[in-house]
1. Need a quick list: helices (runs of 4 or more DSSP H) entirely within region A:428-546 having at least 3 residues that are more than 30 Å from A:ALA346 (Cβ to Cβ) and not charged (D, E, K, R).
2. I'm trying to understand the selection: among the residues of region A:46-66, which are more than 29 Å from A:LEU417 (Cβ to Cβ) and not in a helix (DSSP H, G or I)?
3. Let me confirm something: among B:SER639, B:SER619, which residue is within 30 Å of B:THR259 (Cα to Cα), crowded, with 18+ Cβ neighbours inside 10 Å and at pLDDT below 95?
4. Quick test of your reading of the structure: B:ARG116 fulfils all but one of (1) touching a Phe, Trp or Tyr at 6+ places or on another chain (Cβ under 7 Å); (2) surrounded by 21 or more Cβ atoms within 10 Å (Cβ to Cβ); (3) under 21 Å from B:GLU393 (Cα atoms); (4) at the interface with chain A (Cβ under 10 Å from one of its Cβ atoms). Name the failing condition by number.
5. Out of all the residues in region A:31-63, which are within 8 Å of chain B (Cβ to nearest Cβ) and closer than 19 Å to B:PHE246 by Cα?
6. Mind checking whether some residue in region B:482-495 is buried (at least 21 other Cβ atoms within 10 Å of the Cβ), within 31 Å of the chain's Cα centre (by Cα) and at pLDDT 95 or above?
7. Residue check, A:TYR269 against (1) of a type in the set (Phe, Trp, Tyr); (2) part of a loop (DSSP other than H, G, I, E, B); (3) open to solvent by 30 Å² or more (accessible area, probe 1.4 Å), all met but one. Which one?
8. Among the residues in region B:575-585, are any within 24 Å of B:LYS202 (Cα to Cα), of a type in the set (A, V, I, L, M, F, W, C) and within 29 Å of the chain's Cα centre (by Cα)?
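The values are calculated or read from the model by the stated rules, or taken from the named source; none is laboratory data. Note that the structure is a prediction, hence the values are computed from the model and not measured. Backbone-built Cβ (ideal geometry, glycine too); neighbour counts: all protein chains shown. The area values use the complete protein model at the heavy-atom level, side chains included, leaving out ligands, DNA and RNA. Shrake-Rupley method; radii C 1.70, N 1.55, O 1.52, S 1.80 Å.
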Number of protein chains: 2
Amino acid sequence: MKRFLMVTCVVFMSTTLLADEGMWTFDAAPKQQVQKRYHYHLTDGFLDFLHMATLRMNVGGSGSFVSQDGLIMTNHHIAHDCLAKLSTKAHDYVSEGFYAPAMKDERKCPDLEVNRLMSIQDVTRDVLAAVKKGMSDAQALQAKKAAMSRLEKACADATGLRCDVVTLYHGGKYELYRYKRYTDIRVVFAPGFPIAFFGGNKENFTFPRYDLDVAFLRAYENGKPVQTGSFLRFSPAGPKAGDLVFVVGNPGRTGRLLTVDQLTTVGKYSYPFILKVFQIKDKILNLYAAKGKEEARRSQEARFYAENAIKAITGFVASLNHKWLWQKKRRKEKALREAFAKMGKARDPWKVITKAQAVMRRIYRQYYLLERGYEYFGHLHGLARGIVRYVTETAKPNAKRLRRYRDSNLGSVRMQLTAKIPVYKDYEELGMRTGLETIRGLLGKHNAVVKTLLDGKTPDILAHELVAKTRIGDVDFRRKLMQMTPQQLRSCKDPLVHFALLEDRFARKVLKEYQDKVEGPERDGMRTIARLRFKLYGNKIYPDATFTPRLSFGVVKGYKTTHGFVKPFTRIAGLYKKAGKAYPYKLPQKWLKAKGSIDMNTPMNFCSTNDIIGGNSGSPVIDTEGRAVGLIFDGNIESLGNRFVYSEKTARAVSVDTAAIIEALKKVYHAQALLQELLNGYHRYQPTQRP
Amino acid sequence: MKRFLMVTCVVFMSTTLLADEGMWTFDAAPKQQVQKRYHYHLTDGFLDFLHMATLRMNVGGSGSFVSQDGLIMTNHHIAHDCLAKLSTKAHDYVSEGFYAPAMKDERKCPDLEVNRLMSIQDVTRDVLAAVKKGMSDAQALQAKKAAMSRLEKACADATGLRCDVVTLYHGGKYELYRYKRYTDIRVVFAPGFPIAFFGGNKENFTFPRYDLDVAFLRAYENGKPVQTGSFLRFSPAGPKAGDLVFVVGNPGRTGRLLTVDQLTTVGKYSYPFILKVFQIKDKILNLYAAKGKEEARRSQEARFYAENAIKAITGFVASLNHKWLWQKKRRKEKALREAFAKMGKARDPWKVITKAQAVMRRIYRQYYLLERGYEYFGHLHGLARGIVRYVTETAKPNAKRLRRYRDSNLGSVRMQLTAKIPVYKDYEELGMRTGLETIRGLLGKHNAVVKTLLDGKTPDILAHELVAKTRIGDVDFRRKLMQMTPQQLRSCKDPLVHFALLEDRFARKVLKEYQDKVEGPERDGMRTIARLRFKLYGNKIYPDATFTPRLSFGVVKGYKTTHGFVKPFTRIAGLYKKAGKAYPYKLPQKWLKAKGSIDMNTPMNFCSTNDIIGGNSGSPVIDTEGRAVGLIFDGNIESLGNRFVYSEKTARAVSVDTAAIIEALKKVYHAQALLQELLNGYHRYQPTQRP
C-alpha cells in the first residue's frame, strides 16, 4: 500500500457526507461532521498539534513523531528502501531486522527525507492573478506554474522552509504548504520482513491480518536528535472497538472529483496499460530472484513494490466494474451540469475536459513510459535521467522550469541525486533490460522512439553496454555532471548520459503535448467545476488526495462479508495459529522462542472506517486524547474502491495495534531503550545514577 | 505586575479545590477539574499545542506566538525594558510607541531572551539518588544541586536546548524542563506608555481598567523569522462573559505551600524590609526624574518597577492581615502534622523548618541586600557583580558552581553580560548612590560590610568615583574581563570590579549560611511534607509558582464589591470618558484624532477568575478552540492575596481584549501589515501580484 506515484488521477464525489468520509485538509477540518456524528469537539489547538506531530516521508508514505527526541514511527515497508540501501550481502537488515540500543548505533538513511507541515496559506488569488486575458489554456497553465514557483521561492527565501504550492481540487484552489525538511534520518528499529509482511503478497490488502509492519527511525538536525515539541504519546493499550480515531497522513492520489470521461480514461486506458508494465517487470524480477539468495535480496524491494502495485491496480480496475458507481457518478455529474447551464456561461468545462481526454488516450502510452515510469529502468538510469533534467532545467530561470526543478525543491532533488547508494551492476543491467523490453514490447519495434533508443541493438546487449560503461554509479562523477552547462553535458561521453539525453528529447515532446492539450484545458475546466462545487456544497467537500497532510476520522469497527462478520481485532494467538513452515507464513526464530512469554490475547492488528489510500502507509491512528493507538499499514480489498468512492460498509483501513508493538518490543526484541522512550516520551541521555 | 524576582517564597494551600484554582504544570494538567466544572475535555494534544504556542520572557514575563512567522504578543510593560534600551533622547519609543511596517524596520532587543517549553521529564529519582546516607542537610543540598547541574548539562549537550531542572513543591519533585532559546527578538509594535499604562500607578492593580498594555515582537533564528508551527490564532471578537478561558504563562512566585512559620518570616520580616528598600529607591528616583524630561525618560522603567513593587508588596502584606487566612493555614497544618505523627517517623519536618526560620530572620537583611537586591544599584554595578561571579564560578567544575552559572545556563548569562545597552553616567551614579545609601541606612554605618564597602567615603563621593572611573560600560572590556582567571580579575585595577569583588566576599559568606542553615534544611523538610501531601491528596495539588510554564483555567466573570457589581468588560467609550488633561489620564494625540472612527462599544479590558500572579504578565488568554482572546496584564487589588491563597470570590485576572487590540491597530495606528498577519496568521512575504 505504498503510494503509487505513477498512477494517474481518478474519480468520484459524494456530496452528502453521512459517513466517516473525507481526506480533509488542516485548514478546512471536518469539525462539524465530527461533532455531529461523534459529539467530539475538534479544536484548532488539537488540529495544530496533529499536524505538528505527524510527518510525510519522501518515499511515498507517512509517519509520526513519538518522542520528544525525534523518534519516528512508520511502516517497515516505508523504511524498506532505506534498510535495503544499508544492507549488504553480509547484513540483510530488511530480512533480519535492525535494532540500535543506543543513539550511536543508529544508521543514517542515504536519501530519506522527512517533511513536517508547519503551516498552510491560501494563495489562490496570487496564482490566478498570473493569468491574463486572452491567454490560451497552455499559456495560462505556464503562467500559473511560473507564479507558483515565484511564490515558493519567496517563501523559501524568507523562511528557510520547503515551500510547496499545492494544487487542490485539480485547480480549484492553490495553497502554500510550508514544511520543515529533515534529511538526517537514522534507523532505530525494524523487525524482519517475514513478520512485518507476514502472509506476503497473498495476504496483502486483506483482513484479518497479523503483520508487525512497523519501523522506528530518528530525525537529527545538526547532529542532534530533533526536539519535537509536539509528539504523539504512545498508548500501550491500543484502541477499543467503537473508539473514535483520527488518521493523519499523506494520501497519494484519489479520483473522486474526476468527470465521467476522465474516469473512463483511467479505467479503460491508463490502468490496463500500467498493469501490463508491472506484469512484465514482475516476471523478469522473479526470474532474477530465482537465481540465488543474494539476487533475491537485491530485488526484494522492487518485487514487493511490483506485486503490491499489481494487486492494487487490479483492485482499482475491479472496483470500476460496478455499474452502480457509474450510475451514481453520471447522476451527480448531470446535476452539476444542469446547475452550470443555469449560470449561462459560455465555455462548458465538461466539454473542454472531454476534448482533452481524446488527446490523453492517444498519447498516454508514450507519456507514461517516457515521463512517468522511467524510474523503473533501475537506479542508474533514474539518476541519469534526473541529472539530465537537473542540468537542463537549472540553466533556466526559476519560473520557467519544470515544477520539480523549482528553486524551492532543489534541495530535495540534489539530495536524491547525490546520495551514496549501493549499486549492483547485474541488477542494474536487469532493470535497464526490463525497461528496454517494456518499451519495445508495448510501443512496438517500429516505433520511432524505440528505434532511436535501441539503435539497432537488442535490449540485453544495449543494457549490458550502458551499465558496464557508465560512471553514473559514482557520486563524485554525478556531482561533476551536475555542475555542467547543458552544452557541456551534451558533449559528455558517458553512454548512459547520452541515452538519457536522447530519451529526454522524446519525453519533452510528449510532455509538452500533455501539458498544452491535456493538463492546461483540464486544469481550467476542473477549476470551473470546483468553483461550482464550492458554491453548491460549501465546506462539505474536500479535495482529492495530493500526497499532502490530511486528516481522516473513523471508528474501530468490524464489517460484514458474505462469509460472516469480521471482528475488528486480531490477536497474537492468531498469528501463531496461522504460522506455517514456509514463506510467507514462516515465523522468525525470535518469535518462536518468545512464544511462551507472550500474552497471546494482545491485539495484533485492527481495522477502522478511516478514509485512507496509498500514501497513508505509516500514518498514526490517534485517539481523542492525541495518543498513538495504532499504525496504518494497509486497507482491505474492499477499500481499494475508495480510490473512486468512499464506502463505509465494508472498506476498512488496517493498522498495527500499539499494544502489539509494545508486547513485541518487550518479549520478542528485548528493546529496552526503545521501549522506555516510547512509554515515557523521552530518550534517557543520563546514565541512571541510582546505585 | 512584573515578576518579583526578589520576593522570597510564601504560603498557603487549600486541598479541596472547588474553584478555578491552580497554576498547573503541563504534565499534571487539571483535566478532571475542568471536565467536572466546565464539561470541557482537555486533551493531551491540546495541552501540547498550548505549551508550544506560549513563551517565557527572561525579563520576568510571558508571551505567545500569534503567527506562523514568529510574531509574539506580550505586554508593553514586558517589552518596556527593550524599548527603553533602544530609545535615545531623540527617539523615546517607550513614550511614543513604535511600529515597523516591514520586517526590515524591526529593531533588535539587546538582551531579551525568549524560551519555548519543548518538554518535561521527571528526574526526581535522579536528583535524589545523589544524596547519600549520613549527609548533612547542607551536604545533601550541594549533592542535589550538583546532580541537577549534571542532568542539565547532559541534556543540553544531547539536545542543544536550554535544560533546567526545576524544583517543584519546594523539593518534593524535580523536573527537567527543556526550552528552545530565542535570543534574536525584534520589536514590531508598541503603543505609547500613556495608553499602555493609562491611569498610571494610581489604577495599577485595579479594575475596571482601560489599558492597551500590549506589544508585538518577532523571534528570529539564523536571520529568518522563526517558523512557529504551533501558534495562537487571533480572535478579532475577544471572549464573551461566562466563557471558559485558559491562561498559559509563567507565574513567578507564590507561597501557598509554606508552613506557618515560613509565612511568618515572609509577612513579618521579608516583606516589610523589601518595602523599605523600594521606598528609598522610589524617593531618590523621583527626585532625579523631576530634574527634566530626559532624566524622567532614563528613570522611567525603574520608577515604574519600584512603584509597582511597592503597591504589590503593600497588597501582599495587607492580605496577610486577614485572621481567617491564618486560622485556615493553622488548621490545615495541624491536620498534616497529625497525619505525619501517625507515620511514626523520627524527624519532624515542621520543626526542622522552624529552626531554619530563626536563622533566616537573623540573616535576612544582609542576605537580601547583598545577594538578592544587588541589581538595584544600577546597570553597571549589576554587570560588575555578574562578571565577578561569572569568572569565579566558571573556573570551577560545572557541578560545583552556583546554579546560575551552570553550563546549561551560561549562554543566557553571557548574552546578558555582553549585550550592548545604553549607559547614562549620571543615572548610573544615582543608582550606585541609592544602593550605597540603602545599605548604610538599613544595615547601619557601623556594620562591617558597610564600613568596608564605603571605605570612609560618603555614598555620593564613592558612587561618583566608581562610575566615573569604571570601564564596565564598554562591552569589549567586559568580554576581556570574562576571559580572565579569578586571579587575573583580582589584580584588575577597575574600581567597580574591585568594589564588586569586595562585595562578593561578604555576599558569599551570607549565601553560604543561607544555603547551609536555611535552604538545606527547608528543602529537606519541604520534601517530606510534599510527599505527605502527594499521599493524602494525589493529583489534586499543584506546586507553588516557579517562573515556569503553568496552565490556569477560569471564566470571564465580574464580581461583587461593597460598592456593587463590577461588570467583566470595559468598553473603549469608557476610556474616552475617563480621559483627562494630565498624566496619567492624558490620551495620546493619535487616540484623540481617531475618536470619530472608533467603535466605542468595543470591549477594552476584561476580568476573569484565572489563577495568576506576577510573571503571568503577557500571558495569552485562550478560548476553548485554542485562540487568543485576551492578554493578561494585571490582577485587581483583591487578587494580591492570591500569593498566599486563591480566592474566586473577588480576585480577578485583568486582560486586554483582543477586540481592542484589533480596533486600535486598525483605527488608531493604521498598522496594516501587522493587522493582516494577526488576522490571517502569516506575514505576506510576496508582493501581491494582483493588478
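1. Details: elements: A:448-454, A:459-469, A:475-482, A:486-490, A:495-514, A:520-537.
Because the criterion is at least 3 residues that are more than 30 Å from A:ALA346 (Cβ to Cβ) and not charged (D, E, K, R), the helices (runs of 4 or more DSSP H) in region A:428-546 that meet it are A:448-454, A:459-469, A:475-482, A:486-490, A:495-514.
2. A:VAL66
3. Working: B:SER619 fails: at pLDDT below 95.
Checking each option against the conditions leaves just B:SER639.
4. (3)
5. Listed by number, the residues that qualify are A:HIS41, A:THR43, A:ASP44, A:GLY45, A:PHE46, A:ASP48, A:PHE49.
6. So far as region B:482-495 goes, no, none of its residues is buried (at least 21 other Cβ atoms within 10 Å of the Cβ), within 31 Å of the chain's Cα centre (by Cα) and at pLDDT 95 or above.
7. Only one criterion is unmet by A:TYR269, namely (2).
8. Yes, region B:575-585 contains a residue that is within 24 Å of B:LYS202 (Cα to Cα), of a type in the set (A, V, I, L, M, F, W, C) and within 29 Å of the chain's Cα centre (by Cα).
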